[in-house]
Amino acid sequence: MERRPLATLREIVDFTGLPRRTIYDQRHRGVGIGALAFKVGGHLRWDWSDVDAWVSQQKGQAAA
């Protein structure tokens, strides 16, 4: 299994098109992609496999 670097906030913003503030708000509320974030050395990071799973889940909800 190939390991990818953890995603930064900038990468998540670029990937989702969501504003930084929205991602911070989601983290605080424990919802959305923001809820997947964790801190590494004081910086928010995302595991790309979690992001991929979240995207798949969003696709499933859109189809329902």
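Values quoted throughout were computed directly from the atomic coordinates according to the rules given, and no laboratory measurement underlies them. Everything numeric in this text was worked out from a predicted model, so none of it was measured. All Cβ positions, glycine included, derive from the backbone under ideal geometry; neighbour counts span all protein chains shown.
How high is the relative contact order of the chain? Use alpha-carbon pairs under 8 Å, at least six apart in sequence, and give a whole percent. Spell out each step's value before the answer.
Details: 52 pairs, mean separation 19.0, N = 64.
About 30 percent, as a whole number.
To the nearest 500 deg cm²/dmol, what mean residue ellipticity at 222 nm is calculated for the chain from DSSP H runs of n ≥ 4 alone, each contributing -39,500 (n - 2.57), summed and divided by the residues?
Working: 3 runs with 34 residues, N = 64.
The helix contribution divided over the chain gives -16000 deg cm²/dmol.
With label points built 7 Å along Cα→Cβ from the Cα atoms of residue 11 and residue 31, find their separation and express it in nm.
Those two pseudo-labels are separated by 2.7 nm.
From the phi of every residue in the range 17-32, what ³J(HN,Hα) in whole Hz does the Karplus formula 6.51 cos²θ - 1.76 cosθ + 1.60 yield, where θ is phi - 60° and glycine or proline is x?
x, 7, x, 3, 4, 4, 5, 4, 4, 4, 4, 5, 7, x, 10, x
Can you tell me how much longer the chain between residue 3 and residue 58 gets when fully stretched, taken as 0.36 nm per residue apart minus their C-alpha distance, in nm with one decimal? Each step should come with its number before you reach the end.
Details: separation 55, 0.36 × 55 = 19.80 nm, distance 2.37 nm.
Net length gain for the segment: 17.4 nm.
Give or take rounding to whole Å, what are the principal axis extents of the alpha carbon atoms in the chain, in descending order?
That works out to 39, 33, 19 Å along the principal axes.
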